[in-house]
Amino acid sequence: MKEGGIILSVKGLKKTFGGLHAIDGLDIDVKRGNIHGLIGPNGAGKTTFFNVITGILPSSGGNVFFESHDVTTYKPEKIAEMGISRTFQAGKIVPGMTVLDNVMTGAYRITKTDVLGTFFRAPFTISGQEKRIRDKAFELLSLVGMSDASDRWAADLVWVERQLIQIARAMAAEPKLLLLDEPTGGMGAEESQRVAEMIYMVRKEFGVTVVVVGHDMTLVLGISDRITCINFGKKICEGTPADIRCDPNVLEAYLGKE
Amino acid sequence: MKKCMLVIMVIVMTFCISLVALAGSEKETSGTAKEAAPVASDEPCVDEWVFSNLMFMTGGWAPYGEMIVWGMNEAIDEINAAGGIRGVPVRAEVYDTGTHQPELAVTQMAKVLDTKPLLIMGPHGSTDAEACSQLAYDEGVYMLQSTSSYDVAKKFRPWANVWLTNTEQFAKTTGQKWIEREPDIKSVVMFVQPEASTWYEQSKHQSNGLKAVGVKVLEEIAVTEAVDFSPLAVRALSHKPDGFVMYCYPEAMVKIVLELQKRGVKENRRFLFFHGAGTPEFWALGKGYLDGAYQWSIFNSQAKSQKWQKLADKFREDFDGEPNWTVPTDYDSMYLIKKCFEDLKITGCRDKLKEERVKIQKYMNNVDSFEFATMNIKIVDGEYKAPAFLYTIKGDKLENPINCGFEWK
Amino acid sequence: MEFLLAQIINGLILGGIYALLVTGFNLLLLEGGVFQYAYPHLLVLSMYVSWLVLRVTGNNIFLGILAAVLSGIVLGIATEPIFRSLSKRGAAVASFIVALGIAIIITDILSRVINKGIQIAFPESLKGEKALLQFGYAIISAGQMLTILGSFVAVGGIFFILFKTKTGRAMRAMAQVPGVARLIGLPVNAMSLYSYMLAGILGGISSVFLIMALGSASSGLGNTLALKVLAVAIFAGLGNLGGGLVSALILGMAESFVMGYMRGDWANAVAFGMIMIIVMVRPRGIFGMKA
Amino acid sequence: MPISLFYFLVFTGIFILLGWAIYIVYRNGQLNNVPIAAMAVGAYICAYLTRELHWPFLPALLAAMGGGAVFSFVPALGLGRAPGFSMTIATIAMIFITQTVLRNMAFLGGVYGFYSIPRVDHLLIVTYVIVFIVGFFIFRLERSRIGRAMEVVFIDTSVARTLKINTYWLSVWLQVFAGVLGAIAGVLFANLVRILVPRHFSLGMLLNIYCFMFVGGYTTMWGVVVFTPILWGFPLLLPEAVAEWKDTIYGLLLVVTMLLRPEGVISKKMLWDIKVSVKRFFINRRKS
C-alpha cells in the first residue's frame, strides 16, 4: 500500500434534480490516510455528494475513481464491498436492537454465511465467526467510549451516542475509506469535541482514510489535514485548514456578499 | 418489567387453560348418562337428546344458515311439545363452520365427533362438506348432510346422505322438459360458476341432457365474483343463442338476466335457472323482472300438507318473505331422526354407541316411505328418491310445477 | 365490432366506478398517510344505511340519498381519531392492518345483522335501469350515465379543491413535507380532519353512485371492491391521483375484455396477474408513487 | 387423545408454519402472500405423489418442498425489489392464478377436488418435529448476520445497501424460504384434511394468519408461536353463540393491538427485558 497515494478521485462529478444542479462539475482528490474535510453552507450539495459516491443516487455526469477503479455506475452494495463505509446525517441506527447488535450489523461485509449456509453449516463455524465479530464490536465500542452501553436498547440512546454508534458500525466493516456525514450535527461544543477526538483516534488506530462533511467549521478545521469548500455544487477553494481560514471566498460563502 | 411478566403470565395461563379445556372436552354423549343402569335394555339412557348441527353461520352464506336452523328449531319445538323422542326432550347444538373456511369446518367436525354423537346433522354447504366429511366417514358416524350436494355425499356413502336427489338424472330431465315446453329453443349459452363442484357437475349433466335432445350448447361461460356482469352478458349475446341456462350464485344470475334484458332479450321463457336459485336475494334482486322464466327445483313449494302450510305461514311471519328450499331441509331431517329413533328403539347408551351408529346408518339408507313437510319420499341405498319439478316464475313465486321424473306413490 | 364497442363501454363504466373509489383512497393516503383498505367497506356501509332509511321512509328517494351522503361524511370523520395517532407516527403498515380489522368487522356485521344478512336491493326509482343510449348491445343506462358524469364532477371537484384553492394547496404541501407544514404554521390537525371530511364527502357521493350503478349491495361487496381499489392504486403508483384515474379506466377495460373474450374463469387471475407484472417491471407503479 | 385436540394441534402447527412464512419476509419489509399459493402447490404435489404414485411420506415432502421453492422462486426474481404493499397485492395474484390453474387440471381432480389422500402415521409428531426444525432454522437465521441484515433493511433500505447488504437477493432468498414453508404447511394440510379442493386455499386463511402475526407481534418469531394457539383456540372454547362472532373479535383485536401496541403483544424489547431481568435475578441470587 503506497502511503500518500490518492484513494478517492472525483472528476467533473455532476448531479441534477430536475433543473437544479446539486453538484456541478466537482473535482476532489482524497489522499490515502488523510482526514479530508468537506465544508460548505447548507444546501451546498455535501450530502448529495456522499449519496452519489456511495451509489445511492446515480450520477448525472463525471466519474468517481476509488483506488483507481471507476465506480461511477456501481450499485451501493458493490461500492460497500470495495471498502467504502459511511454514516448518515439522521443517525439511522436500528432502534429495535441492542447497541452491540447494531455495531455487529456493520460487520456484514467481512462475514460470509448466506441464507442456505445459516441452515446447513455446522453450528461451530458460525459461532466462531459470530464470536470474532462480537469481539470486534466490543473493541469498537470501547474505542468510541461506549463499552458500558453494549446491552442497552438502541431506541433509548441520545443523539450523540447514535452518531458514535454509527461510526462504530461503519468501522466494523473494516473500510478503507470512511465517509462521515455531519457527525456533529445538532451537538453542543463539548459533545462535538468528543466526536472529533474519536474521529482522530479511529484514523490513528486503523489508518483509515476519512472524509468528513460538516457545516460546523470549528470541527472540520480542527481535525482535517486538507479541506475542500464547496457551494452550490461547485468547488470554491481547497487547501490546508490554514489556507481555508484566510480564503475570502469561504467567508463570502458562509456570510454572504457584503 | 412487571407489566411484561404479567402479560407473559396471562398468555401462559390462557394457553394452559385452553389445552386443558380442549382435552376435557370429551363430553358425555347426547346429554348426560343416567347413573343407574337402565331397567329395560331398550329404554333411552339419556335425559336429553342432543343433536349437533354443523352449519355455516358466518360469512356469505350466513343468511341461509339462519333459515335452515330456524326450520330445525321449529321441528324441535313441535317435537318437544308432543313429548320429545321416545319420551326424552330434544335439543340441538349448532356449530359454525363458516363460509368456505375448511380449517374451521374440520375443527368443528372434530369437536362434534368428540361428543360421541349417534349421528350428525350436516356438514352443510359443499365446500365445508368436502373439507370435513372424511372425518365422520372414518369414524363411522352417519351424516345427514341435507343441503351439501349429491356429488359430495355420494363420495361418502354409506355414511352420508343428502336431500338433493339424484341431480345427475334431474339436471338432465328438467332441461329436456324445458325444451319440450319451449321447442323453439335450439341453442343455449350456459353460465357456470366453476368454484362449487356441485353446481359445476349439475351444469355438465344438464348440458349433456340438452345435447341429447339436439340443442346446441354454444358456450359454458365461467362466472366469478365481479362488480359488473355486463361483459359476460354481451359475450353470451355474441353467440346469438335462443336460451340461457344459469348455474351460478343467485346474485350473479339476476344481474346477468337484467343485463341481458336490457340488451334485448325480451322473453323470460328463454331463461332456465337451476335449483339453487330461489333464495331470498334472488327474489329481492329480481323482483318484477323474472316473470315467465323457468326454474327447476326439488323443492315442492306447492305442497298442500298441513305441516308445510303451518311452517310456511310461520316463516312468512318471521322472515317477511316467501319460504324457499332452505326452510324445510333440517325440519325434515329432525322428523326423520325422530322416526328412525323410534323405529329402532335407539337408547343412546355409551356401550351401544358403535352398534347403534351402524343401525342408524342402515336404517337411514333405506327408508321405504316417509312423509316430509313438502312431499313423500323414499330412500334407496342412500339415494334420496323424490320428484323434481320444473317451475314457471310468476308474480315472484314458483308456479305451475311440472313433475319431471321420479313419481312415488 | 358491435361487441367490441359494447365491451369498451362496459369497461369504461366499470373503470368509472373504480376511479371514484381510487380517488378517495388516494386522497387519504396522500393527506393522512393512511392505507385505508376499508374505504370501500365504509361506502358499502353507507349504502346499507341508505337502504335502511329508504325502508323506514317508504322509499323516499331524497332522504335515501341524503342518508347515503351524510353517513358517508360521518363515517369518514369517525375514522379520523382511529387513524390519527398512526398517521402521526407515519405507520403505513399499522394503518393497513387497522383498516383490515375495520373491514373484517364491517363485513361480519353486514353479513349477519342488517336484513338478516341477505343482499339488499334498491328500489327501481333509484337505480335508473332504463337504457338511455343504445347502440346494438352497447348500453348506457340512466344510472350509469349519471354515475360516469357524477364521478367526473366529483373527482373534478376534488382536484379543483386540491389544486386551485388555498386550503387545497396547504393540504398538498402537508402531503409532501409533513414536518415543514407544522413549521410554517399550518393547522395540521384541522387539515387532517379536513382531508378525512373531503374523503368522506366523496365517499358519500360515491355510495349514491354505486347504488345507481349496481342497484344492490351485499356484505361481500366491500371486499371485492377493496381488492380492486388496491390493485388500481398500486398499478398507478400509490398516492398518484391523476395516474389513479387513468389506471382505473385501464383496469376496468382490461377486466371487461378478459370477461368478454377469455375462456374459463381467468378474470381475477388475469387482472391481478397484470398488477403482478407491473410491480415486477415498475415497482413504483406505472405513473410513480407520490406517497 | 380427543379428536378435536388432535386437529387443533395439527392446525396450530400448520398455521405457525404459515405465520412464520409471512413473518420472515415481512421482517425484510415486504408483506408476501405467496405462502398460501405455495401451500396449495405443496399440498397437491404431496397428495398426487402419495395417492397416485404411492410414494412414501418423506420423499413426497421433499418433492413438495422443491415444488414450493421453484414455485416461489420465479415470482421472487421479479418481486425482489417491490415495495411492501405492492408485493401484498401482486402476490394475491398468485393465489388467484394457482386456484384457477388447479381448477383446470383434470388429473388433480379439478373443481371436484382430490379425494382420499393417505395419511402419514403419527401426523401430530411429524408436524411438531417439522415445526421444531423450522423454528430452529429461523432462530438461527435471526441470530446470524442475515437476521441482523434483515433488521436494517426493515428500517432503511439505503442504509442496508451501504453496509453491503444485497437487499434484492436477500429478499429473493427469503421469499423462496417462505415458499418452502408454505409448501410444508400444504403437505401437512393434505395429510390432515385428506381432501383438497382449489377453493380451500383462498384469502380467508390469509386473514387469520395476518391476525395471528400482527396481534402476536411481528418483531419476533415468538409472537406467532404464542398467539396462534391462543387466537385459534379461544373461539373453539367459547360457547357457539359467542364463537360465531370470532371474525368481529379478530377484527377488534387487530384494531386495538395496532392502536395500543403497534409492535404486537410480544415485542423484541419485551423478550430482551425479560432476558435481562432473569439474568439479574440469578446474579442477585448468587450474590446473596
Filter the stretch D:248-288 down to residues that are farther than 30 Å from B:T58 by Cα and among the polar types (S, T, N, Q), then give me how many there are. 4
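Within the stretch B:271-283, restricting attention to residues that are modelled with pLDDT under 85 and open to solvent by 20 Å² or more (accessible area, probe 1.4 Å), which residue is farthest from the chain's Cα centre (by Cα)?
At the first step, the residues of the stretch B:271-283 found to be modelled with pLDDT under 85 are B:275-281.
Cutting the leftovers down to open to solvent by 20 Å² or more (accessible area, probe 1.4 Å) gives us B:280-281.
On the way: B:P280: 15, B:E281: 17 Å.
For the stretch B:271-283, the residue satisfying everything is B:E281.
From the list C:S85, C:S125, C:S71, pick out the single residue that is within 14 Å of chain D (Cβ to nearest Cβ) and either closer than 30 Å to C:V34 by Cα or of a type in the set (G, A, S) (or both). Don't jump to the end; show me each part of the working.
On the way: C:S125 fails: within 14 Å of chain D (Cβ to nearest Cβ); C:S71 fails: within 14 Å of chain D (Cβ to nearest Cβ).
Of C:S85, C:S125, C:S71, the one residue that is within 14 Å of chain D (Cβ to nearest Cβ) and either closer than 30 Å to C:V34 by Cα or of a type in the set (G, A, S) (or both) is C:S85.
Okay, residues lined up against (1) in contact with a Lys or Arg (Cβ under 6 Å, 6 or more places away or on another chain); (2) farther than 26 Å from A:K204 by Cα; (3) within 8 Å of chain D (Cβ to nearest Cβ); (4) open to solvent by less than 10 Å² (accessible area, probe 1.4 Å):
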site: A:Q89; (1), (2), (3), (4): no, no, no, no
site: A:V94; (1), (2), (3), (4): no, yes, yes, yes
site: A:K112; (1), (2), (3), (4): no, yes, no, no
site: A:E139; (1), (2), (3), (4): no, no, no, no
site: A:S147; (1), (2), (3), (4): no, no, no, no
site: A:A154; (1), (2), (3), (4): no, yes, no, yes
site: A:L157; (1), (2), (3), (4): no, yes, no, no
site: A:A173; (1), (2), (3), (4): yes, no, yes, yes
site: A:L177; (1), (2), (3), (4): no, no, no, yes
So, of the residues in the stretch B:190-230 that are facing another protein chain (nearest Cβ under 8 Å) and among the hydroxyl-bearing types (S, T, Y), which turns out to be farthest from B:H100 (Cα to Cα)? B:S230
Among residues belonging to the stretch D:170-183 that are β-branched (V, I, T) and open to solvent by 10 Å² or more (accessible area, probe 1.4 Å), point out the one that is nearest to D:R51 (Cα to Cα). D:V180
Going through (1) surrounded by fewer than 24 Cβ atoms within 10 Å (Cβ to Cβ); (2) more than 9 Å from every other protein chain (Cβ to nearest Cβ); (3) closer than 30 Å to C:M280 by Cα; (4) of a type in the set (V, I, T) one by one, C:I201 fails only at (3)
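Given the structure, is A:L8 touching a helix residue (DSSP H, G or I) at 6+ places or on another chain (Cβ under 6 Å), under 23 Å from A:I223 (Cα atoms) and not in a loop (DSSP other than H, G, I, E, B)?
no
In the stretch A:121-135, which residues are surrounded by fewer than 19 Cβ atoms within 10 Å (Cβ to Cβ) and part of a helix (DSSP H, G or I)?
Quick first cut of the stretch A:121-135, residues surrounded by fewer than 19 Cβ atoms within 10 Å (Cβ to Cβ) only: A:121-125, A:127-132, A:134-135.
If the condition is that a residue be surrounded by fewer than 19 Cβ atoms within 10 Å (Cβ to Cβ) and part of a helix (DSSP H, G or I), then A:P123, A:F124, A:T125, A:S127, A:G128, A:Q129, A:E130, A:K131, A:R132, A:R134, A:D135 are the ones that fit.
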Residue count for the stretch D:83-119, restricted to those that are closer than 25 Å to D:L58 by Cα and under 20 Å from the mean Cα position of the chain (by Cα): 1
So which helices (runs of 4 or more DSSP H) stay within the stretch A:180-246 end to end and still have 3 or more residues that are farther than 12 Å from A:I39 by Cα, at pLDDT 85 or above and open to solvent by less than 80 Å² (accessible area, probe 1.4 Å)? A:189-206
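Only one residue in D:L231, D:L259 is within 26 Å of D:L9 (Cβ to Cβ), in a helix (DSSP H, G or I) and among the aliphatic types (A, V, I, L, M). Which one?
On the way: D:L259 fails: within 26 Å of D:L9 (Cβ to Cβ).
Exactly one residue qualifies, and that residue is D:L231.
Among helices (runs of 4 or more DSSP H) lying entirely in the stretch B:127-218, which contain 3 or more residues that are in contact (Cβ under 8 Å) with a residue 40 or more places away in the chain and among the acidic types (D, E)?
Details: elements: B:150-155, B:167-181, B:197-212.
Those helices (runs of 4 or more DSSP H) do not exist here; none qualify.
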If I go through the stretch C:10-36 residue by residue, how many of them are over 10 Å from the mean Cα position of the chain (by Cα), surrounded by 24 or more Cβ atoms within 10 Å (Cβ to Cβ) and away from chain B (no Cβ under 14 Å)? 8
Of (1) within 14 Å of another protein chain (Cβ to nearest Cβ); (2) farther than 22 Å from B:G59 by Cα, B:D96 fails just (2)
Can you tell me which residues in the stretch B:256-270 are in contact with a strand residue (DSSP E or B) (Cβ under 8 Å, 6 or more places away or on another chain) and open to solvent by 30 Å² or more (accessible area, probe 1.4 Å)? B:K262, B:R269, B:R270
Residue check, A:T118 against (1) facing chain D (nearest Cβ under 8 Å); (2) open to solvent by 10 Å² or more (accessible area, probe 1.4 Å); (3) under 23 Å from D:L170 (Cβ atoms), all met but one. Which one? (2)
Going by the conditions given, is A:V103 of a type in the set (V, I, T) and more than 7 Å from every other protein chain (Cβ to nearest Cβ)? yes
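One line per residue, one yes/no per condition, for (1) free of Cβ contacts under 8 Å to residues at least 12 places away in the same chain; (2) buried (at least 18 other Cβ atoms within 10 Å of the Cβ); (3) assigned to a strand (DSSP E or B); (4) not aliphatic (A, V, I, L, M):
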residue: C:I106; (1), (2), (3), (4): no, yes, no, no
residue: C:K116; (1), (2), (3), (4): yes, no, no, yes
residue: C:S125; (1), (2), (3), (4): no, no, no, yes
residue: C:Q134; (1), (2), (3), (4): yes, no, yes, yes
residue: C:I139; (1), (2), (3), (4): no, yes, yes, no
residue: C:T147; (1), (2), (3), (4): no, yes, no, yes
residue: C:G157; (1), (2), (3), (4): yes, no, no, yes
Could you list all residues from the stretch D:192-221 that are surrounded by fewer than 24 Cβ atoms within 10 Å (Cβ to Cβ), small (G, A, S) and touching a residue at least 40 places away in the same chain (Cβ under 8 Å)? D:S202
B:V69 being at pLDDT 85 or above and crowded, with 21+ Cβ neighbours inside 10 Å: no
Provide a single number: the residues in the stretch D:96-129 that are within 14 Å of chain C (Cβ to nearest Cβ) and open to solvent by 30 Å² or more (accessible area, probe 1.4 Å). 6
Checking the conditions here, which among C:S207, C:S256 is in contact with a Pro (Cβ under 7 Å, 6 or more places away or on another chain), of a type in the set (S, T, Y), at pLDDT 85 or above and surrounded by 24 or more Cβ atoms within 10 Å (Cβ to Cβ)? C:S256
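Within the stretch A:10-33, does at least one residue satisfy the condition of being within 20 Å of A:P241 (Cα to Cα), within 16 Å of the chain's Cα centre (by Cα) and open to solvent by 70 Å² or more (accessible area, probe 1.4 Å)?
Step one: filter the stretch A:10-33 for residues within 20 Å of A:P241 (Cα to Cα), giving A:26-33.
From what is left, the residues that are within 16 Å of the chain's Cα centre (by Cα) are A:28-33.
After this cut, where a residue has to be open to solvent by 70 Å² or more (accessible area, probe 1.4 Å) as well, the list is A:31.
Looking through the stretch A:10-33, at least one residue is within 20 Å of A:P241 (Cα to Cα), within 16 Å of the chain's Cα centre (by Cα) and open to solvent by 70 Å² or more (accessible area, probe 1.4 Å).
Within the stretch B:239-296, take every residue that is β-branched (V, I, T) and farther than 26 Å from C:S219 by Cα and give me the one that is nearest to the other protein chains (Cβ to nearest Cβ).
Here is the first cut: in the stretch B:239-296, the ones β-branched (V, I, T) are B:245, B:254, B:256-257, B:265, B:279.
Checking the rest, the ones that are also farther than 26 Å from C:S219 by Cα come to B:245, B:265.
Working: B:V245: 17, B:V265: 11 Å.
The qualifying residue nearest to the other protein chains (Cβ to nearest Cβ) is B:V265.
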Among the residues of the stretch A:60-77, are any surrounded by 19 or more Cβ atoms within 10 Å (Cβ to Cβ), at the interface with chain D (Cβ under 9 Å from one of its Cβ atoms), out of contact with any His (no Cβ under 9 Å at 6 or more places or on another chain) and of a type outside the set (V, I, T)? yes
Only one residue in D:A93, D:A63, D:A76 is outside any loop (DSSP other than H, G, I, E, B) and surrounded by fewer than 22 Cβ atoms within 10 Å (Cβ to Cβ). Which one? D:A63
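The values are calculated or read from the model by the stated rules, or taken from the named source; none is laboratory data. None of the values given here were measured: they were computed from a predicted structure. We place every Cβ from the backbone using ideal geometry, glycine too, and count neighbours over all the protein chains shown. Note: accessible area is taken over every heavy atom of the protein model, side chains too, but ligands, DNA and RNA are not part of it. Shrake-Rupley method; radii C 1.70, N 1.55, O 1.52, S 1.80 Å.
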